[in-house]
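Written out below as structure tokens is the structure these notes cover.
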Amino acid sequence: MAYLLIIDDDLAFRSSLSEMLADLGHHVLEACHVQAGLQYLRSEPVDLVITDLKLTGEDGLSFLRQAQAIRGVPCIMLTAYASGSNTIEAMRLGAFDHLTKPVSRQLLMETLQRALPERTGTLAASHAPPQEEESTERLIGNSECMRQVFKQIGLAAGTEASVLILGETGTGKEEVARALHRNSQRAHGPFVAVNCAAIPPDLMESELFGHIKGAFTGAVADRKGYLRQAEGGTLFLDEIGDMPPALQAKILRVLEAREFSPVGAQTVLSLDARIIAATHRDLPAAVRSGQFREDLWYRLQVMPISLPPLRERGEDLLMLAQHFLASEARGRAKRLTAEALKKLVQHDWPGNIRELRNTIARAVIMSHHEWVEAEHISFTPRPQASGLNGGSPPPGGTLAEALQQLEREMIMNALRESGDNRSEAARKLGLSRQQLYRKLDEHGLS
């Protein structure tokens, strides 16, 4: 049996939850506002707190802030109004978990089982400035996979740990990095974003570390690099998977020693910036192929955050579409018809959120009245490779291997485009069905 405290100003919900917890064998205390809950925390052997976010007067976040000055107990935050910002803030302030009402009995039991063994844990203290409610709403979503991302952001934001953000192109990796910065103790410092794929390799060291006058031909004055520009704040290394191997070793040194030298300088400068990295590449595969340092891979992923692709985010799609519609319409009344919504839902969004934003922007331009119709929704064709592997050398190096690889890719594309209808795929390829079946066996696709 554990002593559980419920703080909720909804008497019916509080009583129902209390009865459920009592049935599970726990002793339950009830409070209708924050101060009553804090008084119980001072006087009773409370093992765990369940508090609503929205309360009359002070809210659940206020309880978290004040509770840590009394004593640390696991706290589960409940809300019927889940958002990225309140989830991140709750986790940053030390909430054990953040659940959406209505809460199922099974989920609550599982959460209690995880939380109660940790009775000696403490609420994480944070001196970061309070954030505006709307500041993190650029991260939009109520799907379970995104709520897990918000929780990870909240847990990581109050630390100085390196964070590696993983996800397909267009999933919002920079927005996650900005949310980590906004909710950190470095929020008042600069946020410097660097796209490693956009800087020529021979300039990247100077861009990151800076240089002194005369360090190389053309260095006519001292230059402060990105590491110093981010002083007191956060340096975001986007597409770090594209960083040249030689520079990877130097970034590893910076992360481990927390110091660096500008190009051509003899002085060593201390690093006063948090480094967050991101990539859409498969870094384990890059490590195996020798394109990415294994030691840097392990050093970066102290706290990895994986962003789900849009096609896996379920109900978030329509929420994002409405958000972009309101943004692109710029005050004009614009609404999506049922057929337009259906067309959006049926698309697989290979370009993720970036593709959705551009699709909505294009639809707003094409629509000259209140309603955005299905005919206004058009998708950008996927880029076609100019040849095998986009024109890069064949993996096997021989003509026979290249032809085998090309044949396999053409068969897979034909099957994909025909919805796995083999008769239609054979027609596209100029083969009989029997020939296609033999090819499928040869390539292990049958």
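Here are some notes:
- Amide hydrogen neighbours beyond the local backbone of Ala230, cut-off 5 Å, H modeled: none
- Taking trypsin sites (Lys or Arg not before Pro) across segment 188-237, the ones in a DSSP loop with at most 11 further Cβ atoms lying within 10 angstrom of their Cβ are Lys213.
- Here each label is just a point 7 Å from Cα along the line to Cβ, and for Asn195 and Lys224 those points are 2.4 nm apart.
- Distance from segment 217-245 to segment 345-376 (C-alpha centre basis), Å: 36
- Vicinal HN-Hα couplings computed from phi for segment 7-15 (Karplus, 6.51 cos²θ - 1.76 cosθ + 1.60; Hz; Gly/Pro x): 10, 7, 8, 8, 4, 5, 5, 4, 5
- Placed amide H near Leu269: partners under 5 Å, 5+ positions off or other chain: Phe260, Ser261
- Extension gain, Asp272 back to Thr100 (0.36 nm per residue minus Cα-Cα distance, nm): 58.1 nm
- Looking at the chain alone, DSSP beta bridges between its own residues are antiparallel in about 10 percent of cases.
- For Ile377, the shell of other residues with beta-carbons less than 15 Å away shows a net charge of 0, using +1 for Lys and Arg and -1 for Asp and Glu.
- From helices alone, the chain scores -12500 deg cm²/dmol at 222 nm; the rule is -39500 (n - 2.57) for each run of n ≥ 4 DSSP H residues, then divide by the residue total.
- Environment charge of His98, counting only residues whose C-beta is closer than 9 Å and scoring Lys/Arg +1, Asp/Glu -1: +1
- Virtual spin-label span in nm between Leu11 and Arg258, 7 Å along Cα→Cβ: 5.5
- With loop membership from DSSP and a limit of 14 other Cβ atoms within 10 Å, the longest segment of the chain without GluC sites (Glu not before Pro) is 161-314.
- Mean-square fluctuations from a GNM of the chain, with a 10 angstrom spring cutoff on Cα atoms, peak among Leu38, Leu300, Leu24 at Leu24.
- For segment 163-218: rounded, prolate or oblate by the Cα gyration tensor [a/c cutoff 1.5]: oblate
- Derived scalar couplings ³J(HN,Hα) [segment 155-164; Karplus, 6.51 cos²θ - 1.76 cosθ + 1.60; whole Hz; x for Gly, Pro]: 5, 7, 4, x, 10, 9, 5, 5, 10, 10
- Amide hydrogen neighbours beyond the local backbone of Leu29, cut-off 5 Å, H modeled: Leu4, Leu5, Ile6
- Size descriptors for segment 220-276: radius of gyration and Dmax over Cα atoms are 11.5, 31 Å.
- Taking chymotrypsin sites (Phe, Trp or Tyr not before Pro) as exposed when their DSSP state is a loop state and no more than 14 other Cβ atoms lie within 10 Å, the longest site-free interval of the chain runs over 217-446.
- Largest GNM mean-square fluctuation across Arg427, Arg299, Arg114, computed for the chain with C-alpha springs under 10 Å, falls on Arg427.
- Cα pair distances of the chain binned at 20 Å [whole percent]: 20, 43, 32, 6, 0
- Segment 269-366 - accessible surface per residue (Å², probe 1.4 Å): 51
The values are calculated or read from the model by the stated rules, or taken from the named source; none is laboratory data. Keep in mind that this is a model prediction, so the values were computed, not measured. Here Cβ is always computed from backbone atoms with ideal geometry, including for glycine, and neighbour counts include all displayed protein chains. Please note that ligands, DNA and RNA were not included when accessible areas were found on the heavy atoms of the full protein model with its side chains. Shrake-Rupley method; radii C 1.70, N 1.55, O 1.52, S 1.80 Å.
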